[in-house]
Amino acid sequence: MNQRTPLIAGNWKMYKTIGQATDAARRLVDAAGGVTHTEVMIAPAFTALSAVSAILADSDIYMGAQNMFWASEGAFTGEISASMLTDVGCRHVIIGHSERRHLFGESDDLIAQKVKAALDADLIPVLCVGETDSERETKKTFSILDKQVKSGLKGLILEAGREPVIAYEPVWAIGTGKTAQPGQVDEVHSYLRDLIARQFGEAIAGTIRILYGGSVKPENISVLMSLQDVDGALVGGASLDPEIFTRIINF
Ligand code: PGA
């Protein structure tokens, strides 16, 4: 374990009505509302944010959103701004998730604008990066990550204590049950930390948190968390059930 406080984050994706989300949030608060060995965050769908926020209020569990738009307000039908997210109680926002990149065509430039807007609004962006199966097969993993991180954080001046979170999520491991091997995770996370050191200096590289995501389960979290440069996890499927997610939190 390193000195950084870990973050275990649950991405609920397009699951749970308001009733289901509040029920799960209540059970999570009961089971893990006072944890101190790690920070915990859940990201419900937009419709459930307000109700979940009220339930998390007296706990140590943070709330995040799954996406946002970069403009502060305006004629952008269907979009949500950073200030709307802080207003409803979000502390984090997931940006550039592979489902946004691949299903909704989000570009590195759009993602960079969102990251900047999130930081400007005092939200902590969780910037997701990761290679596809064919990119790994053709040995493009590091060049893809290089491009996604450099462009996602382009033009930013990062301050210690206000740095974004990076989530390494190999696309081939998301929702497939196929977790990356510890050696693969270790190699990528230390590559990412070196990249941050070159770009933003050693101090930021020492404090920035790099999460792993992709089929994280109670059975594999301990090994992942034992890796020097892994500072937590971004959990999809296994975060939907509070009992299973609590087992991950208690790695
Ligand atoms: P998974 O999803 O845990 O279901 O693989 C991870 C993610 O998409 O963040």
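Read-outs throughout are calculated quantities, based only on the coordinates presented, and are distinct from any laboratory measurement. Since the structure is predicted, the reported quantities are computational estimates derived from the model, not experimental observations. Note that we place each Cβ from the backbone using ideal geometry, even for glycine, and neighbour counts take in every protein chain shown.
Using beta carbons and a limit of 9 Å, which pairs, at least six apart or on different chains, have the first residue in segment 158-176 and among the hydroxyl-bearing types (Ser, Thr, Tyr) and the second one more than 13 Å from the ligand (Cβ to nearest atom) and part of a loop (DSSP other than H, G, I, E, B)?
If the second residue must be more than 13 Å from the ligand (Cβ to nearest atom) and part of a loop (DSSP other than H, G, I, E, B), the pairs left are Tyr168/Val230.
Six or more apart or on different chains, Cβ under 6 Å: which pairs go from a residue in segment 199-228 that's over 19 Å from Gly130 (Cα atoms) and in contact (Cβ under 8 Å) with a residue 60 or more places away in the chain to one that's away from the ligand (no atom under 16 Å from the Cβ) and outside any helix (DSSP H, G or I)? Could you list them?
Once the first residue is over 19 Å from Gly130 (Cα atoms) and in contact (Cβ under 8 Å) with a residue 60 or more places away in the chain and sits in segment 199-228, its partners that are away from the ligand (no atom under 16 Å from the Cβ) and outside any helix (DSSP H, G or I) give Thr207/Ala160.
Do you know which residues across segment 54-103 are part of a helix (DSSP H, G or I), touching a helix residue (DSSP H, G or I) at 6+ places or on another chain (Cβ under 6 Å) and more than 22 Å from Ala31 (Cα to Cα)?
Matches in segment 54-103: Ala82, Ser98.
Take the residues of segment 211-226 that are away from the ligand (no atom under 14 Å from the Cβ) and either within 18 Å of the chain's Cα centre (by Cα) or part of a helix (DSSP H, G or I) (or both): which is farthest from Arg26 (Cα to Cα)?
Per the stated criteria, the residue is Val223.
Got a sec? Which of Ala197, Ala203, Ala238 is within 11 Å of the ligand (Cβ to nearest atom), in a helix (DSSP H, G or I) and not aromatic (Phe, Trp, Tyr)?
Ala238
Does Phe251 meet the test of being within 16 Å of the ligand (Cβ to nearest atom), of a type in the set (Phe, Trp, Tyr) and either closer than 23 Å to Gly152 by Cα or not in a helix (DSSP H, G or I) (or both)?
It is true that Phe251 is within 16 Å of the ligand (Cβ to nearest atom), of a type in the set (Phe, Trp, Tyr) and either closer than 23 Å to Gly152 by Cα or not in a helix (DSSP H, G or I) (or both).
Of Val88, Val149, which residue is away from the ligand (no atom under 15 Å from the Cβ), among the β-branched types (Val, Ile, Thr) and over 30 Å from Ala48 (Cβ atoms)?
One residue alone meets the criteria, Val149.
Which count do you get for residues in segment 15-36 that are without any contact (Cβ under 8 Å) to a residue 60 or more places away in the chain, touching an Asp or Glu at 6+ places or on another chain (Cβ under 9 Å) and outside any helix (DSSP H, G or I)?
Summing the residues that are without any contact (Cβ under 8 Å) to a residue 60 or more places away in the chain, touching an Asp or Glu at 6+ places or on another chain (Cβ under 9 Å) and outside any helix (DSSP H, G or I) in segment 15-36 gives 3.
Could you go through segment 178-186 and let me know if any residue there is among the hydrophobic types (A, V, I, L, M, F, W, C), within 16 Å of the ligand (Cβ to nearest atom), under 24 Å from Arg247 (Cα atoms) and out of contact with any Cys (no Cβ under 6 Å at 6 or more places or on another chain).
Yes: one or more hits.
Test Gly64 against the stated conditions and say whether it is within 16 Å of the ligand (Cβ to nearest atom) and touching a Gly at 6+ places or on another chain (Cβ under 8 Å).
no
Which numbered condition in (1) under 11 Å from Ala65 (Cα atoms); (2) more than 14 Å from the ligand (Cβ to nearest atom); (3) of a type in the set (Gly, Ala, Ser) is the only one that Ala32 fails?
All conditions pass for Ala32, except number (1).
Identify the residue in segment 114-141 that is in contact (Cβ under 8 Å) with a residue 12 or more places away in the chain and surrounded by fewer than 16 Cβ atoms within 10 Å (Cβ to Cβ) and, among all such residues, is nearest to the chain's Cα centre (by Cα).
Asp122
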